[in-house]
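One structure is given below, encoded as structure tokens.
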Amino acid sequence: MFSRIGERMILAIDWDARNVRFVHAGMRKGKGKVRIERMFSVDVPQDVNVSDPESLGGLIREVLNQQRIRTPRV
């Protein structure tokens, strides 16, 4: 996904024991407007421990790579 001119891409991630939710959006500079690019969630596999940063981080990295999201702002 490519941002529009004057727009900064941001990514929000939220999780619990069963799901990880992602919102990828563009934010207009100086206007405070947000445009949602996509929203999705993934189930947490049983072998991933959400209390362990390495385990959860590996899942998040894998999902972002699969979705081709490379936004540096989270």
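The values are calculated or read from the model by the stated rules, or taken from the named source; none is laboratory data. Keep in mind that what you see is a predicted model, and the values were worked out from it rather than measured. Every residue, glycine as well, gets a Cβ built from its backbone with ideal geometry; the counts of neighbours run over all protein chains shown. Accessible surface areas use protein heavy atoms only, side chains included; no ligands, DNA or RNA. Shrake-Rupley method; radii C 1.70, N 1.55, O 1.52, S 1.80 Å.
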If ligands, DNA and RNA are left out, what is the accessible area of VAL74 with a 1.4 Å probe, given in Å² to the nearest 10?
120
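Using a 1.4 Å probe and counting only protein heavy atoms, arrange ARG35, ARG21 so the residue with the most accessible area comes first.
Details: ARG35 55, ARG21 75 Å².
Result of the area sort, largest leading: ARG21, ARG35.
For VAL20, what is the net charge nearby, where nearby means another residue's Cβ is under 11 Å from its Cβ and Lys, Arg count +1, Asp, Glu -1?
Working: positive: ARG18, ARG21; negative: ASP14, ASP16, ASP43, GLU62.
The answer is -2.
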Candidates (i) 3, 11, 21, 23, 18, 12, 7, 3, 2, 1, 0; (ii) 3, 15, 26, 22, 14, 10, 7, 3, 0; (iii) 3, 19, 33, 27, 13, 5, 0; which is the computed P(r) over Cα pairs in 5 Å bins from 0, in percent?
(ii)
Using the Karplus curve 6.51 cos²θ - 1.76 cosθ + 1.60 with θ = phi - 60°, work out ³J(HN,Hα) for each residue of segment 18-25 in order, rounded to whole Hz, and write x for Gly and Pro.
10, 9, 10, 10, 10, 10, 10, 9
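Need the full-extension length gain, ARG68 to ALA12, defined as separation in residues times 0.36 nm minus the C-alpha distance. One decimal, nm. Let's see the in-between values first.
Details: separation 56, 0.36 × 56 = 20.16 nm, distance 1.51 nm.
Result: 18.6 nm gained on full extension.
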Net charge within 14 Å of VAL48 by Cβ-Cβ distance, Lys/Arg positive one each and Asp/Glu negative one each, not counting VAL48 itself?
-4
I need to check one value: relative contact order of the chain, counting alpha carbon pairs closer than 8 Å and at least 6 residues apart, in percent.
29
So how tilted is helix 53-67 from the main axis of the chain? Cα-based, degrees 0 to 90, rounded to 10.
50
